[in-house]
Amino acid sequence: MSKPITSTEAREMPRSPGSRKLPVVDYDNHPAYGKVLDKPTFGMRLKAIKALLPWIGVVWFKKAARFDRIPALPGYKGHIKGGFAGRFLMLRRYIPYIVKAYTDDIAGFFKGSKRFEIDPQFKKQAEEFVDTGFLVSNLDEDELTRLKELVAEPIAELRKARAEAGEQTFIGNTKFFNPGDHKELFETLAKYMRRHGMLDAASALIGRPVTVTHLLIQINDPKDAYFHNVFADVEGMADPATNYMHVDTSYDMVKAVVYLNEVGRDNGAFSYVLGSHHARPVGWEGILRRAVDRSGMSYTKRNWRQLFYSLPKGLRKKCTFGVDLEDGSEASNAMLNREFYITSDQGNMGLFANNGVHRGGITKTGERVVFFATIG
Ligand SMILES: O=C(O)CCC(=O)C(=O)O
Ligand SMILES: [Fe+2]
């Protein structure tokens, strides 16, 4: 039996050089921005900055409070609503978790190489994940059957809700769980992920012990209009080949996707730009891109694009940038050349560094039923 790999050794695992920067988009010469939108006046610029500023505060605060590590609380049913006031009220419930994250980090600092250990049988997977930001695995028939049993009822509820809603939306396609109401589901998924080396791989990348913190199911089909015709107001402008490529707005976690039906390229396969987590936005740029996305300015409807375009040039950066890359450009090719699709014939479970570039769910035929879990 070989020795476990210590956290210090995990931190020294090899990393490919790759690109260290996300692409820069020339919005002034972009056919859906500078070429068709109004030239921003001083008033428009002010309005855009005013819309962005509070979100810079929110993102900065969430980062400082290690907020994205907080697990779904009992009773949690989805994203926090109620604007700033709602967020402020919720905060009280989160304070013990914020304190815990800080004490864990301090304790972890003193534990050094003992902060977590990786089972030697998963060393190769951990190395691959640290290097590429992506890892594929396959749940066996029994594991998949058990997970399907545990979510049969919620899936039926989600189907019903989608059928009753007039229009399919990103949020309407999902149903969130919390470990209070679905304890067995959380524990079962965590057990399987550990068994397949995915939790060890996640620890190797984020540098601390991890578990499943959030979990949702999602159904996609071709009626998800929000993915298509993104620049409908611009005559003759097709959806770009890199449509919907993005990095997530969260910090300090990774994610897993589990396919609950057969998934191929035509029904929404998830894909990852290998190694792109090395170009994750950090520091001020990281805060800016997240704030822009959270403010709504990454939406592609004309009014949102106009608001985004009214930002000073140095602030025109977003997490959901794929839609703005022009086909045939160097940046677009760089993304597409390293894009890896996970289809059912390769595996039904993928682990991804969600601060790297990814996309999925754009369905041409049939449907896709999946879990998304956050691991932190
Ligand atoms: O639906 C998909 O495959 C993409 C999901 C995604 O981007 C995410 O979970 O962060
Ligand atoms: Fe994402």
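The values are calculated or read from the model by the stated rules, or taken from the named source; none is laboratory data. Just so you know, these numbers come straight off a predicted model, no measurement behind them. Glycine gets a Cβ as well: all are built from the backbone with ideal geometry, and neighbour counts include every protein chain shown. What goes into the accessible areas is simple: the full protein's heavy atoms, side chains included, and nothing from ligands, DNA or RNA. Shrake-Rupley method; radii C 1.70, N 1.55, O 1.52, S 1.80 Å.
In region 23-45, how many are open to solvent by less than 50 Å² (accessible area, probe 1.4 Å), aliphatic (A, V, I, L, M), out of contact with any Ser or Thr (no Cβ under 8 Å at 6 or more places or on another chain) and closer than 21 Å to Ala334 by Cβ?
Counting residues in region 23-45 that are open to solvent by less than 50 Å² (accessible area, probe 1.4 Å), aliphatic (A, V, I, L, M), out of contact with any Ser or Thr (no Cβ under 8 Å at 6 or more places or on another chain) and closer than 21 Å to Ala334 by Cβ gives 1.
Kindly indicate which of Ser250, Ser203, Ser271 is within 12 Å of ligand 1 (Cβ to nearest atom) and in contact with a helix residue (DSSP H, G or I) (Cβ under 9 Å, 6 or more places away or on another chain).
Numbers: Ser203 fails: within 12 Å of ligand 1 (Cβ to nearest atom); Ser271 fails: in contact with a helix residue (DSSP H, G or I) (Cβ under 9 Å, 6 or more places away or on another chain).
Residue meeting the stated conditions: Ser250.
Starting from region 246-270, take each residue that is within 26 Å of Pro23 (Cβ to Cβ) and list its partners that are among the acidic types (Asp, Glu) and buried (at least 22 other Cβ atoms within 10 Å of the Cβ), counting only C-beta distances under 6 angstrom and pairs at least six apart or across chains.
Pairs found: Thr249/Asp293.
Would you confirm, using the coordinates I've provided, whether Ala72 is closer than 30 Å to Thr174 by Cβ, touching a helix residue (DSSP H, G or I) at 6+ places or on another chain (Cβ under 9 Å) and part of a loop (DSSP other than H, G, I, E, B)? Before the answer, list the steps.
Working: closer than 30 Å to Thr174 by Cβ: yes; touching a helix residue (DSSP H, G or I) at 6+ places or on another chain (Cβ under 9 Å): yes; part of a loop (DSSP other than H, G, I, E, B): yes.
Yes, satisfied.
Could you check region 324-342 and list, in sequence order, the residues that are in contact with a strand residue (DSSP E or B) (Cβ under 9 Å, 6 or more places away or on another chain) and open to solvent by less than 40 Å² (accessible area, probe 1.4 Å)?
Scanning region 324-342 gives Met335, Glu339, Ile342.
What number goes with the only condition from (1) away from ligand 1 (no atom under 16 Å from the Cβ); (2) closer than 22 Å to Tyr259 by Cα that Leu351 does not pass?
Result: Leu351 passes all but (1).
Sort through Ile56, Ile49, Ile5 and tell me the only one that's among the β-branched types (Val, Ile, Thr), surrounded by 12 or more Cβ atoms within 10 Å (Cβ to Cβ) and in contact with an Asp or Glu (Cβ under 7 Å, 6 or more places away or on another chain). Even if it seems obvious, please write down each step before you answer.
On the way: Ile56 fails: in contact with an Asp or Glu (Cβ under 7 Å, 6 or more places away or on another chain); Ile49 fails: in contact with an Asp or Glu (Cβ under 7 Å, 6 or more places away or on another chain).
Every option except Ile5 fails the conditions.
Can you find, within region 363-376, the residue that is farthest from ligand 2 (Cβ to nearest atom) among those that are within 18 Å of Ile171 (Cα to Cα) and either assigned to a strand (DSSP E or B) or at pLDDT below 95 (or both)? Let's see the steps before the verdict.
Let us first name the residues in region 363-376 that are within 18 Å of Ile171 (Cα to Cα), namely 363, 367-374.
Pick out the ones that are also either assigned to a strand (DSSP E or B) or at pLDDT below 95 (or both) and you get 363, 368-374.
Values: Thr363: 16, Arg368: 15, Val369: 18, Val370: 12, Phe371: 14, Phe372: 8, Ala373: 13, Thr374: 10 Å.
It comes out as Val369.
For region 180-233, how many residues are part of a helix (DSSP H, G or I), more than 19 Å from Pro120 (Cβ to Cβ) and at pLDDT 95 or above?
Initially, region 180-233 is screened for residues part of a helix (DSSP H, G or I), giving 183-195, 198-206, 225-227.
Then drop every residue that is not more than 19 Å from Pro120 (Cβ to Cβ), which leaves 183-192, 206, 225-227.
Filter once more, keeping what is at pLDDT 95 or above: 183-192, 206.
So the count comes out to 11.
How many of the residues making up region 249-274 are part of a loop (DSSP other than H, G, I, E, B) and either more than 29 Å from Glu149 (Cβ to Cβ) or of a type in the set (Gly, Ala, Ser) (or both)? I'd like the intermediate steps shown before the answer.
Of the residues in region 249-274, the ones part of a loop (DSSP other than H, G, I, E, B) are 249-253, 260-266, 268-269, 274.
In the following step, the residues that additionally are either more than 29 Å from Glu149 (Cβ to Cβ) or of a type in the set (Gly, Ala, Ser) (or both) were identified as 249-252, 264, 268-269, 274.
Qualifying residue count, region 249-274: 8.
Filter region 269-323 down to the residues that are within 15 Å of ligand 2 (Cβ to nearest atom) and open to solvent by 20 Å² or more (accessible area, probe 1.4 Å), then identify the one that is farthest from Gln346 (Cα to Cα).
Of everything passing the filter in region 269-323, Arg294 is farthest from Gln346 (Cα to Cα).
Could you give every pair whose Cβ atoms fall below 8 Å, whose first residue belongs to region 26-46 and is acidic (Asp, Glu), and whose second residue is outside any loop (DSSP other than H, G, I, E, B), counting only separations of at least 6 or pairs across chains?
Asp28/Lys313; Asp38/Met44; Asp38/Gln306
Residues in region 227-249 that are among the aromatic types (Phe, Trp, Tyr) and more than 14 Å from ligand 2 (Cβ to nearest atom): how many?
Of the residues in that region, 1 qualify.
Within region 125-178, work out how many residues are under 27 Å from Asp200 (Cα atoms), free of Cβ contacts under 8 Å to residues at least 40 places away in the same chain and open to solvent by 50 Å² or more (accessible area, probe 1.4 Å).
The total comes to 5.
Might you let me know whether region 361-375 holds any residue that is surrounded by fewer than 21 Cβ atoms within 10 Å (Cβ to Cβ), more than 30 Å from Leu147 (Cα to Cα) and among the β-branched types (Val, Ile, Thr)?
There is no residue in region 361-375 that is surrounded by fewer than 21 Cβ atoms within 10 Å (Cβ to Cβ), more than 30 Å from Leu147 (Cα to Cα) and among the β-branched types (Val, Ile, Thr).
Could you go through region 28-42 and let me know if any residue there is out of contact with any Lys or Arg (no Cβ under 9 Å at 6 or more places or on another chain) and modelled with pLDDT under 90.
No: zero hits.
Here's a check for you: in region 324-361, which residue that is in contact with a Pro (Cβ under 9 Å, 6 or more places away or on another chain) and within 16 Å of ligand 2 (Cβ to nearest atom) is modelled with the highest pLDDT?
First, pick out the residues of region 324-361 that are in contact with a Pro (Cβ under 9 Å, 6 or more places away or on another chain): 324-327, 329-332, 334-335, 355.
Subset that is within 16 Å of ligand 2 (Cβ to nearest atom): 335, 355.
Details: Met335: 95, Asn355: 98.
Top of the filtered list is Asn355.
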